[in-house]
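Below: one structure, written as structure tokens.
The values are calculated or read from the model by the stated rules, or taken from the named source; none is laboratory data. Note that the structure is predicted; figures quoted are calculated from it, not measured. Positions of Cβ are backbone-derived with ideal geometry, glycine not excepted, and every protein chain shown enters the neighbour counts.
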Ligand code: PLP
């Protein structure tokens, strides 16, 4: 299927040529179980650890701080499920703009006696001072995403971790600061070692790697206790035979996305600026905050999201009327409404998301098409 005029990369980024080749090569080169002790198994294990080292090098962390999973949803689950090992329930602080993979833990935690506080995010931004005000002696976990998947808002994780670390000084236990960093990986500056983040989730299919593989970064393994250590794979954090070909392909996609990062960032910033200008001229309202990820632009038209999305689809442009993961369910809060915009504007919002492969021509064609559609608004 042609990839032209695809503007839904935040939902999934089709596998790059490089990661398809990497996957095929790894699948045929390493057909054995990395836990097997025979030669084939040992070679597979070596390749697994080399992939981990490659990811660690790119992210400037230590290989033992990375756990391969089946995707960000599983990485997030490991962090939240880990709370169930605690002898006593305490407080969990999250934001109202978290992905459903985080929010879906609220009912379980509440049922188990946890106090879940959801912070507001006016204009898409969670304020460090609101985190500070919500911290209590009982707080065990703070979960604030790095980049929002609907509007691209970049959260100030450094400021948030600073208030947590300051508060923690008076406590005997550590408060885990988890950040779902799926939409940040390779797209906005993210320094895991300097940010004070304890744990972060990543997904390969948002950066051109395969679906069904992801990563959990954990600063210190002791912070997270797995519910499924099974055969002890992944340092006892995630049992089960490793998806080696996908992991190797992910590590290559990761290295690739960080290649010539500065130039890519500059180019994406220019494309985003052009989109903002062009779509504003076409009569659309910009919902993404200033300083958002250049890869995601949320806008509202005078038409309901589904209608506008379908009209664009009819003209060959793929955009999203929300986050793909929540499109089916249509439940929960609308992120644009949480930002402080009215219901009507929220219900007419669409997400346009790009990747490094998005061309100037595609952006110009999208702007021209929306301008042509203006008479139908
Ligand atoms: N978190 C965010 C911010 C996302 O955008 C997504 C994907 O939509 C996920 C988590 C879930 O990722 P995965 O599909 O790897 O489970």
Subject >> Matching residues in the stretch 61-77 - criterion: being assigned to a helix (DSSP H, G or I) and more than 16 Å from the ligand (Cβ to nearest atom) >> reply: 63, 64, 65
**OP:** Being part of a helix (DSSP H, G or I), in contact with a helix residue (DSSP H, G or I) (Cβ under 8 Å, 6 or more places away or on another chain) and surrounded by fewer than 24 Cβ atoms within 10 Å (Cβ to Cβ) is the filter here, so list the residues in the stretch 203-222 that pass it.
**Re:** 221
Original post:
Among the residues of the stretch 1-60 satisfying the criterion of being assigned to a helix (DSSP H, G or I) and within 16 Å of the ligand (Cβ to nearest atom), which is nearest to residue 361 (Cα to Cα)?
Top reply: 19
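Yes or no, residue by residue, for (1) over 22 Å from the mean Cα position of the chain (by Cα); (2) within 16 Å of the ligand (Cβ to nearest atom); (3) at pLDDT 95 or above:
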position: 205; (1), (2), (3): no, yes, yes
position: 241; (1), (2), (3): yes, no, yes
position: 247; (1), (2), (3): no, yes, yes
position: 255; (1), (2), (3): no, no, yes
position: 269; (1), (2), (3): no, no, yes
position: 284; (1), (2), (3): yes, no, yes
Original post:
Condition test on residue 144, is it over 14 Å from residue 99 (Cα atoms), crowded, with 16+ Cβ neighbours inside 10 Å and assigned by TED's automatic domain parsing to the domain that holds residue 184?
Top reply: no
Original post:
If you go through the stretch 176-185 one residue at a time, do you hit one that is touching a helix residue (DSSP H, G or I) at 6+ places or on another chain (Cβ under 9 Å), surrounded by fewer than 17 Cβ atoms within 10 Å (Cβ to Cβ) and farther than 16 Å from residue 58 by Cα?
Top reply: no
Original post:
Are any of the residues in the stretch 48-55 within 30 Å of residue 317 (Cβ to Cβ) and modelled with pLDDT of 95 or more?
Top reply: no
Original post:
Any residue at all in the stretch 195-202 that is within 30 Å of residue 40 (Cα to Cα), assigned by TED's automatic domain parsing to the domain that holds residue 103 and surrounded by 15 or more Cβ atoms within 10 Å (Cβ to Cβ)?
Top reply: yes
**OP:** Might you check whether a residue that is part of a helix (DSSP H, G or I) and assigned by TED's automatic domain parsing to the domain that holds residue 203 occurs anywhere in the stretch 93-101?
**Re:** yes
